[in-house]
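Here's the structure, in C-alpha coordinates; my notes come after.
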Amino acid sequence: MTNPLIYPATDHSGASLSGSSFPADHGAAFAYLPSPSGLMHSSSYVVDSRRESVEPSETDYWSQKTDAQLVPTLVKAGGLAPQIGSPNEPLFQPPEQITVQGTASIGYITSGTQITFLNAQNQVIERDTFSGNTMTVAGYVHPKVKDVVDELNEDVTGGTLSAADISSHVSLLTQGGESYALARSAIAHSAPAAGALQSLYQAILGRAADSSGLQTYEDALGRGWALPDVVAALAYSPEAASDLKSMISDVQGRTATDSDNSWITSQQNSLANGQTLANVRTALAHFSGESGVVESVFNNVLGRNATQVEVSSIEDRIGSGYNISQLQQDLASSQEAKNNLSALYQNEHGRLMNEGDYTWAMQQLAGGTTLQSLRVSEAHNAENNQKIFALQFYANNDTGSGSINGLEDKIANGETLLQVRNEQIQQTQTKYGQNTPIVLFDDNGNTVQSQGNTVVWPASLDPKMFVKQGLADSIEYKALGTTDGGGAAQLAYLMGKVSAFKQGGVWDAQRVGGTFNSMYVDYATIAIGLYASALGISQNEILNIENSYAYLFSSYPQGTAMDPIYTNLPERNVINTGIGYELVNDNRITGF
(Lines give C-alpha, C1' and ligand atoms only; values in the text may rest on other atoms or scores of the structure.)
Protein backbone atom coordinates (compact mmCIF):
# COMPACT_ATOMS: atom_id res chain seq x y z
CA MET A 1 0.00 0.00 0.00
CA THR A 2 1.42 3.37 -1.01
CA ASN A 3 2.19 5.53 1.99
CA PRO A 4 -0.27 8.39 1.99
CA LEU A 5 0.68 11.85 3.06
CA ILE A 6 -2.85 12.67 4.23
CA TYR A 7 -3.95 12.42 7.79
CA PRO A 8 -7.15 11.08 9.17
CA ALA A 9 -9.34 14.17 9.73
CA THR A 10 -7.55 16.38 12.22
CA ASP A 11 -8.06 19.62 14.03
CA HIS A 12 -5.79 22.53 13.29
CA SER A 13 -3.20 21.31 15.74
CA GLY A 14 -2.94 17.97 14.01
CA ALA A 15 -4.64 15.93 16.80
CA SER A 16 -6.47 12.85 15.57
CA LEU A 17 -10.33 12.81 15.84
CA SER A 18 -12.64 9.93 16.58
CA GLY A 19 -16.35 9.24 17.21
CA SER A 20 -18.49 12.38 17.06
CA SER A 21 -15.96 14.70 18.67
CA PHE A 22 -15.37 16.81 15.61
CA PRO A 23 -14.81 20.37 16.91
CA ALA A 24 -17.59 22.80 16.13
CA ASP A 25 -15.20 25.45 14.83
CA HIS A 26 -13.50 23.10 12.40
CA GLY A 27 -14.31 22.96 8.73
CA ALA A 28 -16.39 19.80 8.30
CA ALA A 29 -14.42 16.84 7.06
CA PHE A 30 -16.91 13.99 6.70
CA ALA A 31 -20.47 13.65 7.87
CA TYR A 32 -21.69 10.61 9.72
CA LEU A 33 -25.21 9.22 9.36
CA PRO A 34 -26.59 7.13 12.22
CA SER A 35 -29.49 5.85 10.05
CA PRO A 36 -30.38 5.07 6.43
CA SER A 37 -32.55 8.16 6.18
CA GLY A 38 -29.81 10.00 7.99
CA LEU A 39 -27.66 13.07 7.72
CA MET A 40 -25.04 14.30 5.34
CA HIS A 41 -21.38 14.18 4.60
CA SER A 42 -18.75 16.42 3.15
CA SER A 43 -16.31 15.19 0.62
CA SER A 44 -13.70 17.71 1.74
CA TYR A 45 -10.59 16.06 3.13
CA VAL A 46 -8.51 18.20 5.47
CA VAL A 47 -4.87 17.82 4.61
CA ASP A 48 -2.14 18.98 6.96
CA SER A 49 0.20 20.77 4.57
CA ARG A 50 2.66 21.34 7.39
CA ARG A 51 3.88 17.74 7.49
CA GLU A 52 7.40 17.19 6.39
CA SER A 53 8.54 14.53 3.98
CA VAL A 54 7.90 10.95 4.91
CA GLU A 55 10.62 9.30 6.87
CA PRO A 56 11.23 5.60 6.33
CA SER A 57 10.21 4.95 9.93
CA GLU A 58 6.74 6.35 9.23
CA THR A 59 6.08 3.86 6.48
CA ASP A 60 5.44 1.17 9.01
CA TYR A 61 3.29 3.61 11.00
CA TRP A 62 0.81 4.12 8.18
CA SER A 63 0.93 0.50 7.09
CA GLN A 64 -0.08 -0.58 10.56
CA LYS A 65 -3.13 1.68 10.83
CA THR A 66 -6.51 -0.06 10.84
CA ASP A 67 -9.29 1.00 8.50
CA ALA A 68 -11.02 2.79 11.36
CA GLN A 69 -7.93 4.84 11.98
CA LEU A 70 -7.06 5.40 8.36
CA VAL A 71 -10.53 6.37 7.15
CA PRO A 72 -11.52 9.85 8.37
CA THR A 73 -14.15 9.81 11.07
CA LEU A 74 -17.64 10.70 9.78
CA VAL A 75 -19.52 13.31 11.76
CA LYS A 76 -22.52 15.57 11.15
CA ALA A 77 -21.64 19.20 10.71
CA GLY A 78 -24.03 21.04 13.03
CA GLY A 79 -25.23 18.19 15.24
CA LEU A 80 -26.34 14.56 15.08
CA ALA A 81 -29.53 13.51 13.31
CA PRO A 82 -32.46 11.81 15.10
CA GLN A 83 -32.09 8.07 15.42
CA ILE A 84 -34.38 6.80 12.61
CA GLY A 85 -33.93 3.24 11.44
CA SER A 86 -30.80 1.21 12.06
CA PRO A 87 -28.14 3.29 13.86
CA ASN A 88 -24.49 3.58 12.91
CA GLU A 89 -24.85 2.93 9.21
CA PRO A 90 -22.36 5.15 7.39
CA LEU A 91 -23.77 7.27 4.63
CA PHE A 92 -20.41 7.68 2.91
CA GLN A 93 -17.53 5.26 2.78
CA PRO A 94 -14.38 7.06 1.65
CA PRO A 95 -11.97 5.41 -0.75
CA GLU A 96 -9.89 2.68 0.83
CA GLN A 97 -6.65 4.13 -0.52
CA ILE A 98 -5.61 7.74 -0.87
CA THR A 99 -2.40 8.21 -2.75
CA VAL A 100 -0.28 11.32 -3.18
CA GLN A 101 1.46 11.52 -6.52
CA GLY A 102 4.36 13.69 -7.58
CA THR A 103 6.05 15.57 -4.74
CA ALA A 104 5.20 13.23 -1.88
CA SER A 105 8.79 12.34 -1.03
CA ILE A 106 10.44 15.71 -1.22
CA GLY A 107 8.93 17.70 1.62
CA TYR A 108 5.71 19.58 2.04
CA ILE A 109 2.59 18.85 -0.05
CA THR A 110 2.29 21.98 -2.10
CA SER A 111 -0.46 23.47 -4.17
CA GLY A 112 -0.72 21.74 -7.49
CA THR A 113 0.07 18.31 -6.09
CA GLN A 114 -2.14 15.67 -7.74
CA ILE A 115 -3.94 13.32 -5.33
CA THR A 116 -5.49 10.09 -6.56
CA PHE A 117 -8.27 8.17 -4.81
CA LEU A 118 -8.27 4.39 -5.29
CA ASN A 119 -10.75 1.71 -4.30
CA ALA A 120 -9.92 -1.71 -2.90
CA GLN A 121 -9.29 -3.02 -6.39
CA ASN A 122 -6.75 -0.26 -7.04
CA GLN A 123 -9.13 1.38 -9.48
CA VAL A 124 -9.02 5.16 -9.69
CA ILE A 125 -12.16 6.67 -8.15
CA GLU A 126 -11.22 10.31 -8.60
CA ARG A 127 -8.17 12.40 -9.21
CA ASP A 128 -7.94 15.99 -8.14
CA THR A 129 -5.43 18.66 -7.34
CA PHE A 130 -4.60 19.86 -3.85
CA SER A 131 -5.02 23.57 -3.16
CA GLY A 132 -4.48 25.25 0.17
CA ASN A 133 -5.02 22.95 3.13
CA THR A 134 -8.37 21.47 1.94
CA MET A 135 -8.88 19.31 -1.11
CA THR A 136 -12.44 18.72 -2.48
CA VAL A 137 -13.21 15.59 -4.43
CA ALA A 138 -14.88 17.15 -7.45
CA GLY A 139 -17.66 15.15 -9.08
CA TYR A 140 -17.57 12.24 -6.64
CA VAL A 141 -21.00 11.46 -5.16
CA HIS A 142 -21.45 8.37 -3.12
CA PRO A 143 -24.71 6.56 -4.11
CA LYS A 144 -25.96 6.81 -0.52
CA VAL A 145 -26.32 10.59 -0.79
CA LYS A 146 -28.61 10.34 -3.81
CA ASP A 147 -30.62 7.63 -2.02
CA VAL A 148 -31.14 9.86 0.98
CA VAL A 149 -32.37 12.79 -1.10
CA ASP A 150 -34.68 10.48 -3.07
CA GLU A 151 -36.08 9.14 0.20
CA LEU A 152 -36.61 12.67 1.52
CA ASN A 153 -38.32 13.60 -1.72
CA GLU A 154 -40.70 10.65 -1.45
CA ASP A 155 -41.42 11.13 2.27
CA VAL A 156 -41.91 14.90 2.19
CA THR A 157 -43.22 15.79 -1.27
CA GLY A 158 -44.53 12.50 -2.59
CA GLY A 159 -41.75 12.43 -5.18
CA THR A 160 -42.51 15.80 -6.80
CA LEU A 161 -39.15 17.55 -6.42
CA SER A 162 -37.68 18.52 -9.76
CA ALA A 163 -34.50 16.87 -10.99
CA ALA A 164 -32.71 20.19 -10.56
CA ASP A 165 -33.80 20.48 -6.91
CA ILE A 166 -32.71 16.92 -6.22
CA SER A 167 -29.30 17.57 -7.79
CA SER A 168 -28.92 20.77 -5.77
CA HIS A 169 -29.57 19.03 -2.45
CA VAL A 170 -27.23 16.16 -3.38
CA SER A 171 -24.50 18.64 -4.21
CA LEU A 172 -24.96 20.63 -1.00
CA LEU A 173 -24.96 17.50 1.14
CA THR A 174 -21.92 16.13 -0.64
CA GLN A 175 -19.90 19.31 -0.34
CA GLY A 176 -20.84 20.12 3.25
CA GLY A 177 -22.96 23.14 2.39
CA GLU A 178 -26.09 21.64 3.94
CA SER A 179 -26.83 19.29 6.83
CA TYR A 180 -29.40 16.53 6.64
CA ALA A 181 -31.69 18.45 9.00
CA LEU A 182 -31.41 21.59 6.91
CA ALA A 183 -32.05 19.62 3.74
CA ARG A 184 -35.16 18.02 5.21
CA SER A 185 -36.46 21.37 6.48
CA ALA A 186 -35.81 23.03 3.14
CA ILE A 187 -37.66 20.31 1.24
CA ALA A 188 -40.51 20.31 3.78
CA HIS A 189 -41.02 24.05 3.25
CA SER A 190 -40.69 23.90 -0.53
CA ALA A 191 -43.42 24.51 -3.08
CA PRO A 192 -43.63 20.78 -3.99
CA ALA A 193 -44.21 19.90 -0.32
CA ALA A 194 -46.88 22.61 -0.04
CA GLY A 195 -48.51 21.22 -3.17
CA ALA A 196 -48.48 17.72 -1.70
CA LEU A 197 -50.10 18.97 1.50
CA GLN A 198 -52.73 20.90 -0.44
CA SER A 199 -53.56 17.73 -2.34
CA LEU A 200 -53.96 15.81 0.92
CA TYR A 201 -56.25 18.49 2.35
CA GLN A 202 -58.41 18.38 -0.77
CA ALA A 203 -58.50 14.59 -0.81
CA ILE A 204 -59.21 14.02 2.89
CA LEU A 205 -61.00 17.19 4.05
CA GLY A 206 -62.35 18.38 0.72
CA ARG A 207 -60.90 21.87 1.04
CA ALA A 208 -57.73 23.87 0.56
CA ALA A 209 -55.23 23.96 3.40
CA ASP A 210 -55.32 27.11 5.51
CA SER A 211 -52.04 28.90 6.21
CA SER A 212 -51.90 27.72 9.82
CA GLY A 213 -52.47 24.08 8.92
CA LEU A 214 -49.97 24.27 6.09
CA GLN A 215 -47.31 25.71 8.41
CA THR A 216 -48.01 23.06 11.06
CA TYR A 217 -47.53 20.14 8.71
CA GLU A 218 -44.58 21.68 6.88
CA ASP A 219 -42.85 22.01 10.25
CA ALA A 220 -43.79 18.42 11.14
CA LEU A 221 -42.35 17.13 7.87
CA GLY A 222 -39.19 19.11 8.58
CA ARG A 223 -38.89 17.42 11.99
CA GLY A 224 -39.16 13.90 10.60
CA TRP A 225 -42.79 13.25 9.67
CA ALA A 226 -43.55 11.66 6.32
CA LEU A 227 -46.65 12.30 4.18
CA PRO A 228 -48.35 9.09 5.42
CA ASP A 229 -48.15 10.58 8.94
CA VAL A 230 -49.96 13.69 7.67
CA VAL A 231 -52.58 11.49 5.96
CA ALA A 232 -53.29 9.73 9.26
CA ALA A 233 -53.43 13.02 11.19
CA LEU A 234 -55.95 14.49 8.74
CA ALA A 235 -58.02 11.31 8.43
CA TYR A 236 -58.47 10.95 12.19
CA SER A 237 -58.89 14.67 12.87
CA PRO A 238 -62.07 16.07 14.45
CA GLU A 239 -62.68 17.93 11.20
CA ALA A 240 -62.75 14.71 9.18
CA ALA A 241 -65.20 13.17 11.67
CA SER A 242 -67.36 16.30 11.42
CA ASP A 243 -67.23 16.14 7.61
CA LEU A 244 -68.46 12.54 7.68
CA LYS A 245 -71.32 13.46 10.02
CA SER A 246 -72.28 16.31 7.71
CA MET A 247 -72.14 13.88 4.81
CA ILE A 248 -74.81 11.73 6.50
CA SER A 249 -77.00 14.83 6.76
CA ASP A 250 -76.33 15.84 3.14
CA VAL A 251 -76.79 12.41 1.61
CA GLN A 252 -79.44 10.86 3.85
CA GLY A 253 -81.24 13.95 5.09
CA ARG A 254 -80.89 13.11 8.77
CA THR A 255 -78.71 13.98 11.76
CA ALA A 256 -75.89 11.57 12.57
CA THR A 257 -76.31 9.64 15.84
CA ASP A 258 -74.08 7.44 17.99
CA SER A 259 -75.15 4.46 15.91
CA ASP A 260 -73.21 6.00 13.02
CA ASN A 261 -69.91 6.08 14.93
CA SER A 262 -68.73 2.71 13.64
CA TRP A 263 -69.36 3.80 10.05
CA ILE A 264 -67.56 7.09 10.67
CA THR A 265 -64.55 5.22 12.11
CA SER A 266 -64.48 2.81 9.19
CA GLN A 267 -64.48 5.71 6.72
CA GLN A 268 -61.68 7.43 8.63
CA ASN A 269 -59.72 4.20 8.27
CA SER A 270 -60.43 4.33 4.54
CA LEU A 271 -59.23 7.92 4.36
CA ALA A 272 -56.06 6.98 6.22
CA ASN A 273 -55.46 4.23 3.66
CA GLY A 274 -55.73 6.46 0.61
CA GLN A 275 -59.47 6.87 0.02
CA THR A 276 -60.75 10.37 -0.70
CA LEU A 277 -63.64 12.19 0.95
CA ALA A 278 -65.24 12.64 -2.48
CA ASN A 279 -65.14 8.89 -3.14
CA VAL A 280 -66.64 8.16 0.27
CA ARG A 281 -69.49 10.53 -0.56
CA THR A 282 -70.03 8.96 -3.98
CA ALA A 283 -70.14 5.48 -2.45
CA LEU A 284 -72.66 6.60 0.18
CA ALA A 285 -74.80 8.38 -2.42
CA HIS A 286 -75.00 5.18 -4.49
CA PHE A 287 -75.49 2.89 -1.49
CA SER A 288 -78.36 0.51 -2.19
CA GLY A 289 -80.44 2.01 0.61
CA GLU A 290 -79.92 5.56 -0.62
CA SER A 291 -82.42 5.24 -3.46
CA GLY A 292 -85.10 4.89 -0.80
CA VAL A 293 -84.16 8.32 0.58
CA VAL A 294 -84.46 9.95 -2.85
CA GLU A 295 -87.77 8.20 -3.55
CA SER A 296 -89.07 9.28 -0.16
CA VAL A 297 -88.39 12.94 -0.99
CA PHE A 298 -90.18 12.58 -4.33
CA ASN A 299 -93.18 11.00 -2.59
CA ASN A 300 -93.24 13.63 0.14
CA VAL A 301 -92.93 16.66 -2.12
CA LEU A 302 -94.51 15.53 -5.40
CA GLY A 303 -96.77 12.74 -4.18
CA ARG A 304 -95.29 10.18 -6.58
CA ASN A 305 -92.45 7.68 -6.95
CA ALA A 306 -89.23 8.79 -8.61
CA THR A 307 -88.29 7.05 -11.84
CA GLN A 308 -85.09 5.01 -11.97
CA VAL A 309 -83.58 7.61 -14.27
CA GLU A 310 -84.39 10.34 -11.74
CA VAL A 311 -82.94 8.30 -8.87
CA SER A 312 -79.68 7.62 -10.73
CA SER A 313 -79.33 11.24 -11.77
CA ILE A 314 -79.97 12.56 -8.25
CA GLU A 315 -77.54 10.05 -6.72
CA ASP A 316 -74.84 11.19 -9.15
CA ARG A 317 -75.47 14.81 -8.20
CA ILE A 318 -75.43 14.03 -4.47
CA GLY A 319 -72.12 12.24 -4.94
CA SER A 320 -70.76 15.45 -6.47
CA GLY A 321 -71.88 17.77 -3.66
CA TYR A 322 -75.66 18.13 -4.03
CA ASN A 323 -77.68 17.23 -0.93
CA ILE A 324 -81.11 15.98 0.12
CA SER A 325 -82.13 19.37 1.53
CA GLN A 326 -81.41 21.01 -1.84
CA LEU A 327 -83.36 18.26 -3.58
CA GLN A 328 -86.34 18.91 -1.34
CA GLN A 329 -86.20 22.65 -2.01
CA ASP A 330 -85.73 22.19 -5.75
CA LEU A 331 -88.67 19.79 -6.01
CA ALA A 332 -90.82 22.12 -3.89
CA SER A 333 -90.13 25.02 -6.26
CA SER A 334 -90.48 22.93 -9.44
CA GLN A 335 -93.22 23.45 -12.00
CA GLU A 336 -94.57 20.00 -11.19
CA ALA A 337 -95.01 20.97 -7.54
CA LYS A 338 -96.66 24.24 -8.56
CA ASN A 339 -99.09 22.32 -10.75
CA ASN A 340 -99.86 19.99 -7.86
CA LEU A 341 -100.49 22.89 -5.52
CA SER A 342 -102.67 24.63 -8.09
CA ALA A 343 -104.74 21.45 -8.42
CA LEU A 344 -104.91 21.16 -4.63
CA TYR A 345 -106.42 24.63 -4.26
CA GLN A 346 -108.85 24.04 -7.10
CA ASN A 347 -109.91 20.64 -5.78
CA GLU A 348 -110.06 21.43 -2.09
CA HIS A 349 -111.02 25.10 -2.06
CA GLY A 350 -112.83 25.37 -5.37
CA ARG A 351 -110.76 28.37 -6.43
CA LEU A 352 -107.55 29.36 -8.13
CA MET A 353 -104.31 29.50 -6.16
CA ASN A 354 -102.95 33.01 -5.75
CA GLU A 355 -99.29 34.03 -5.32
CA GLY A 356 -99.59 34.22 -1.55
CA ASP A 357 -101.05 30.71 -1.45
CA TYR A 358 -98.25 29.39 -3.65
CA THR A 359 -95.43 31.00 -1.67
CA TRP A 360 -96.75 29.67 1.62
CA ALA A 361 -97.44 26.15 0.32
CA MET A 362 -94.07 25.92 -1.44
CA GLN A 363 -92.30 26.88 1.78
CA GLN A 364 -94.21 24.17 3.61
CA LEU A 365 -93.06 21.52 1.14
CA ALA A 366 -89.47 22.81 1.16
CA GLY A 367 -89.49 22.72 4.97
CA GLY A 368 -90.49 19.06 5.21
CA THR A 369 -94.30 19.07 5.15
CA THR A 370 -95.51 16.35 2.79
CA LEU A 371 -97.97 16.99 -0.01
CA GLN A 372 -100.41 14.59 1.64
CA SER A 373 -100.13 16.40 4.98
CA LEU A 374 -100.74 19.65 3.16
CA ARG A 375 -103.88 18.18 1.58
CA VAL A 376 -105.22 17.19 4.99
CA SER A 377 -104.42 20.52 6.63
CA GLU A 378 -105.94 22.51 3.76
CA ALA A 379 -109.09 20.38 3.77
CA HIS A 380 -109.59 21.19 7.46
CA ASN A 381 -108.52 24.86 7.50
CA ALA A 382 -110.67 27.87 8.36
CA GLU A 383 -111.44 28.62 4.72
CA ASN A 384 -112.92 25.19 4.18
CA ASN A 385 -114.79 25.32 7.46
CA GLN A 386 -116.71 28.29 6.11
CA LYS A 387 -117.25 26.67 2.72
CA ILE A 388 -118.43 23.37 4.14
CA PHE A 389 -120.80 25.23 6.40
CA ALA A 390 -122.23 26.85 3.27
CA LEU A 391 -122.46 23.47 1.51
CA GLN A 392 -124.66 22.14 4.27
CA PHE A 393 -127.27 24.71 3.28
CA TYR A 394 -127.27 23.16 -0.18
CA ALA A 395 -128.62 20.00 1.36
CA ASN A 396 -131.45 21.22 3.51
CA ASN A 397 -130.88 24.83 4.57
CA ASP A 398 -129.59 23.77 7.98
CA THR A 399 -126.41 22.40 9.46
CA GLY A 400 -127.61 18.87 9.99
CA SER A 401 -126.48 17.27 6.74
CA GLY A 402 -123.35 15.61 8.03
CA SER A 403 -120.68 17.20 10.21
CA ILE A 404 -118.30 19.79 8.84
CA ASN A 405 -115.40 17.55 9.84
CA GLY A 406 -116.91 14.57 8.04
CA LEU A 407 -117.25 16.49 4.78
CA GLU A 408 -113.73 17.85 5.17
CA ASP A 409 -112.46 14.29 5.65
CA LYS A 410 -113.96 13.39 2.29
CA ILE A 411 -111.98 16.19 0.68
CA ALA A 412 -108.79 15.22 2.52
CA ASN A 413 -109.21 11.67 1.23
CA GLY A 414 -109.40 12.71 -2.40
CA GLU A 415 -112.87 14.05 -3.16
CA THR A 416 -112.95 17.57 -4.54
CA LEU A 417 -114.93 20.37 -2.99
CA LEU A 418 -116.99 20.42 -6.19
CA GLN A 419 -117.83 16.73 -5.82
CA VAL A 420 -118.89 17.21 -2.21
CA ARG A 421 -120.86 20.28 -3.24
CA ASN A 422 -122.63 18.39 -6.03
CA GLU A 423 -123.50 15.60 -3.61
CA GLN A 424 -125.09 18.14 -1.32
CA ILE A 425 -127.03 19.74 -4.19
CA GLN A 426 -128.25 16.31 -5.29
CA GLN A 427 -129.48 15.66 -1.78
CA THR A 428 -131.40 18.94 -1.92
CA GLN A 429 -133.01 18.09 -5.25
CA THR A 430 -133.89 14.62 -4.05
CA LYS A 431 -135.32 15.83 -0.78
CA TYR A 432 -137.00 19.10 -1.82
CA GLY A 433 -137.13 19.23 -5.62
CA GLN A 434 -135.27 21.04 -8.38
CA ASN A 435 -136.82 24.43 -7.65
CA THR A 436 -135.61 24.52 -4.05
CA PRO A 437 -133.88 27.84 -3.29
CA ILE A 438 -130.24 27.65 -2.25
CA VAL A 439 -128.22 30.58 -0.92
CA LEU A 440 -125.61 31.73 -3.42
CA PHE A 441 -122.13 31.50 -1.92
CA ASP A 442 -118.95 32.38 -3.76
CA ASP A 443 -115.99 30.01 -3.73
CA ASN A 444 -114.63 31.70 -0.61
CA GLY A 445 -117.76 30.77 1.32
CA ASN A 446 -119.20 34.28 1.33
CA THR A 447 -122.84 34.98 0.45
CA VAL A 448 -123.49 36.99 -2.70
CA GLN A 449 -125.55 40.12 -2.21
CA SER A 450 -127.47 42.23 -4.75
CA GLN A 451 -128.74 45.63 -3.71
CA GLY A 452 -128.70 44.52 -0.05
CA ASN A 453 -130.49 41.22 -0.67
CA THR A 454 -129.00 37.72 -0.38
CA VAL A 455 -129.16 36.02 -3.77
CA VAL A 456 -130.65 32.52 -4.01
CA TRP A 457 -130.68 30.07 -6.90
CA PRO A 458 -132.84 27.08 -7.83
CA ALA A 459 -131.24 23.72 -7.04
CA SER A 460 -131.34 22.63 -10.69
CA LEU A 461 -129.31 25.58 -12.04
CA ASP A 462 -125.91 25.51 -10.36
CA PRO A 463 -123.92 28.76 -10.82
CA LYS A 464 -120.76 26.72 -11.44
CA MET A 465 -122.50 25.02 -14.33
CA PHE A 466 -122.84 28.36 -16.15
CA VAL A 467 -119.13 29.13 -15.70
CA LYS A 468 -118.04 25.65 -16.72
CA GLN A 469 -120.26 25.71 -19.82
CA GLY A 470 -119.07 29.19 -20.77
CA LEU A 471 -115.43 28.08 -20.60
CA ALA A 472 -116.17 25.01 -22.73
CA ASP A 473 -118.09 27.03 -25.37
CA SER A 474 -115.35 29.67 -25.52
CA ILE A 475 -113.06 27.27 -27.38
CA GLU A 476 -115.45 26.94 -30.31
CA TYR A 477 -116.48 30.60 -30.14
CA LYS A 478 -112.85 31.79 -30.45
CA ALA A 479 -112.14 29.33 -33.26
CA LEU A 480 -115.04 30.74 -35.28
CA GLY A 481 -113.41 34.16 -35.12
CA THR A 482 -110.47 32.89 -37.20
CA THR A 483 -112.63 31.78 -40.15
CA ASP A 484 -113.85 33.75 -43.16
CA GLY A 485 -116.85 35.75 -42.07
CA GLY A 486 -115.87 34.98 -38.49
CA GLY A 487 -117.71 37.91 -36.95
CA ALA A 488 -121.05 36.82 -38.36
CA ALA A 489 -120.37 33.20 -37.43
CA GLN A 490 -119.55 34.17 -33.87
CA LEU A 491 -122.71 36.28 -33.58
CA ALA A 492 -124.88 33.45 -34.85
CA TYR A 493 -123.21 31.03 -32.42
CA LEU A 494 -123.66 33.47 -29.53
CA MET A 495 -127.35 34.09 -30.25
CA GLY A 496 -127.95 30.37 -30.33
CA LYS A 497 -126.31 29.87 -26.95
CA VAL A 498 -127.89 32.78 -25.07
CA SER A 499 -131.32 31.78 -26.34
CA ALA A 500 -131.25 29.24 -23.49
CA PHE A 501 -131.84 32.21 -21.16
CA LYS A 502 -135.03 33.36 -22.93
CA GLN A 503 -138.42 33.05 -21.26
CA GLY A 504 -139.11 29.36 -20.85
CA GLY A 505 -135.58 28.43 -21.98
CA VAL A 506 -133.65 25.66 -20.23
CA TRP A 507 -131.57 28.29 -18.42
CA ASP A 508 -134.45 30.55 -17.45
CA ALA A 509 -133.88 30.59 -13.69
CA GLN A 510 -137.12 32.52 -13.05
CA ARG A 511 -139.32 29.79 -14.54
CA VAL A 512 -137.90 26.43 -13.44
CA GLY A 513 -140.68 23.90 -13.83
CA GLY A 514 -142.70 26.38 -15.93
CA THR A 515 -143.79 28.58 -13.02
CA PHE A 516 -142.50 32.10 -12.51
CA ASN A 517 -140.70 32.55 -9.18
CA SER A 518 -139.79 36.13 -8.27
CA MET A 519 -137.14 35.06 -5.74
CA TYR A 520 -134.85 34.12 -8.67
CA VAL A 521 -135.11 37.43 -10.59
CA ASP A 522 -131.66 38.63 -9.46
CA TYR A 523 -130.02 35.26 -10.05
CA ALA A 524 -131.47 34.98 -13.58
CA THR A 525 -129.37 37.91 -14.88
CA ILE A 526 -126.38 37.08 -12.62
CA ALA A 527 -126.35 33.70 -14.41
CA ILE A 528 -126.21 35.50 -17.80
CA GLY A 529 -123.16 37.45 -16.56
CA LEU A 530 -121.50 34.23 -15.30
CA TYR A 531 -121.87 32.51 -18.67
CA ALA A 532 -120.97 35.51 -20.87
CA SER A 533 -117.87 36.35 -18.82
CA ALA A 534 -116.61 32.74 -19.00
CA LEU A 535 -117.35 32.68 -22.75
CA GLY A 536 -115.05 35.67 -23.20
CA ILE A 537 -117.37 38.36 -24.60
CA SER A 538 -117.49 41.88 -23.24
CA GLN A 539 -120.06 43.02 -20.74
CA ASN A 540 -121.25 45.70 -23.20
CA GLU A 541 -121.80 43.04 -25.88
CA ILE A 542 -124.01 40.84 -23.74
CA LEU A 543 -125.96 43.84 -22.40
CA ASN A 544 -126.69 44.95 -25.95
CA ILE A 545 -128.09 41.49 -26.68
CA GLU A 546 -130.17 41.61 -23.49
CA ASN A 547 -131.38 45.11 -24.36
CA SER A 548 -132.46 44.03 -27.87
CA TYR A 549 -134.26 40.95 -26.51
CA ALA A 550 -136.08 43.05 -23.89
CA TYR A 551 -137.16 45.50 -26.58
CA LEU A 552 -138.78 42.67 -28.51
CA PHE A 553 -140.13 40.36 -25.84
CA SER A 554 -140.12 41.87 -22.32
CA SER A 555 -142.42 44.13 -20.37
CA TYR A 556 -141.96 45.41 -16.85
CA PRO A 557 -144.30 46.78 -14.17
CA GLN A 558 -144.96 50.47 -14.27
CA GLY A 559 -142.47 52.39 -12.14
CA THR A 560 -139.56 49.99 -12.76
CA ALA A 561 -136.27 51.93 -12.74
CA MET A 562 -134.79 51.58 -16.21
CA ASP A 563 -131.10 51.83 -17.07
CA PRO A 564 -130.12 55.16 -18.70
CA ILE A 565 -127.83 53.47 -21.27
CA TYR A 566 -129.52 50.15 -21.95
CA THR A 567 -132.94 51.77 -21.91
CA ASN A 568 -134.99 48.61 -22.48
CA LEU A 569 -133.47 46.94 -19.41
CA PRO A 570 -134.27 47.55 -15.77
CA GLU A 571 -131.32 49.04 -13.91
CA ARG A 572 -131.48 45.99 -11.64
CA ASN A 573 -130.77 43.63 -14.57
CA VAL A 574 -127.71 45.62 -15.65
CA ILE A 575 -126.34 45.57 -12.08
CA ASN A 576 -126.89 41.82 -11.75
CA THR A 577 -125.24 41.09 -15.09
CA GLY A 578 -122.22 43.04 -13.80
CA ILE A 579 -122.21 41.00 -10.56
CA GLY A 580 -121.93 37.83 -12.69
CA TYR A 581 -118.87 39.30 -14.48
CA GLU A 582 -117.27 40.32 -11.19
CA LEU A 583 -117.73 36.86 -9.68
CA VAL A 584 -115.93 35.22 -12.64
CA ASN A 585 -113.28 37.86 -13.21
CA ASP A 586 -112.34 37.90 -9.52
CA ASN A 587 -112.27 34.06 -9.42
CA ARG A 588 -114.95 34.10 -6.75
CA ILE A 589 -116.98 31.55 -8.70
CA THR A 590 -115.09 29.13 -10.92
CA GLY A 591 -116.01 26.12 -13.01
CA PHE A 592 -114.28 23.70 -10.63
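The values are calculated or read from the model by the stated rules, or taken from the named source; none is laboratory data. Since this is a predicted model, take the numbers as computed values, not measurements. Heads up, the Cβs are rebuilt from the backbone with ideal geometry, glycines too, and the neighbour counts pull from every protein chain shown. Surface areas here come from the heavy atoms of the whole protein model, side chains and all, with no ligands, DNA or RNA. Shrake-Rupley method; radii C 1.70, N 1.55, O 1.52, S 1.80 Å.
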Original post:
In nm, what is the difference between 0.36 nm times the number of residues separating Thr560 and Ala382 and their Cα-Cα distance?
Top reply: 59.9 nm
Subject >> Distance in nm between pseudo-label sites at Leu352 and Arg511 (7 Å out along the Cβ direction from Cα) >> reply: 3.6
Subject >> Å² of accessible area per residue within region 427-541, as computed with a 1.4 Å probe and no ligands counted >> reply: 45
Original post:
What whole number of Å gives the distance from the Cα centroid of region 462-513 to the Cα centroid of region 148-174?
Top reply: 93
Subject >> Of all accessible heavy-atom area on region 464-592, the percent that carbon and sulfur account for (1.4 Å) >> reply: 54
Original post:
Suppose R0 equals 25 Å; then what is the FRET efficiency for Asn279 and Arg207 from their Cβ-Cβ distance, rounded to the nearest 0.05?
Top reply: 0.95
**OP:** Among the chymotrypsin sites (Phe, Trp or Tyr not before Pro) in region 171-255, which ones are in a DSSP loop with at most 16 other Cβ atoms within 10 Å of the Cβ? Mind listing them?
**Re:** Tyr236
Original post:
Highest mean first, what order results for 181-188, 508-515 on Cβ atoms within 10 Å?
Top reply: 181-188, 508-515
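What full-extension length gain, to one decimal in nm, is calculated for Ser237 and Ser249 as 0.36 nm per residue of separation minus the Cα-Cα distance?
2.4 nm
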Original post:
Expressed in nm to one decimal, what extension gain is obtained for the pair Asp330 and Ser312 from 0.36 nm per residue of sequence separation less their Cα-Cα distance?
Top reply: 4.8 nm
**OP:** Return the long-range amide H neighbours of Ile438 (sequence gap of 5 or more, or a different chain), with a cut-off of under 5 Å between placed amide H atoms.
**Re:** Trp457, Ala459
**OP:** Report the chymotrypsin sites (Phe, Trp or Tyr not before Pro) located in region 513-584 that are in a DSSP loop and have at most 12 other Cβ atoms inside 10 Å of their Cβ, or state none.
**Re:** Phe516
Subject >> lysines whose Cα lies under 19 Å from that of Lys478, excluding same-chain neighbours fewer than 8 positions away >> reply: Lys468, Lys497
**OP:** State in Å² the accessible area per residue of region 253-362; use a 1.4 Å probe, count heavy atoms of protein chains only, and round to the nearest integer.
**Re:** 48
Original post:
Could you give the nm distance between label points at Ala488 and Arg304, where each point is 7 Å from its Cα heading toward the beta carbon?
Top reply: 4.8
Original post:
Roughly how many nanometres apart are two label points built 7 Å out from the Cα toward the Cβ at Thr265 and Asn587?
Top reply: 5.8
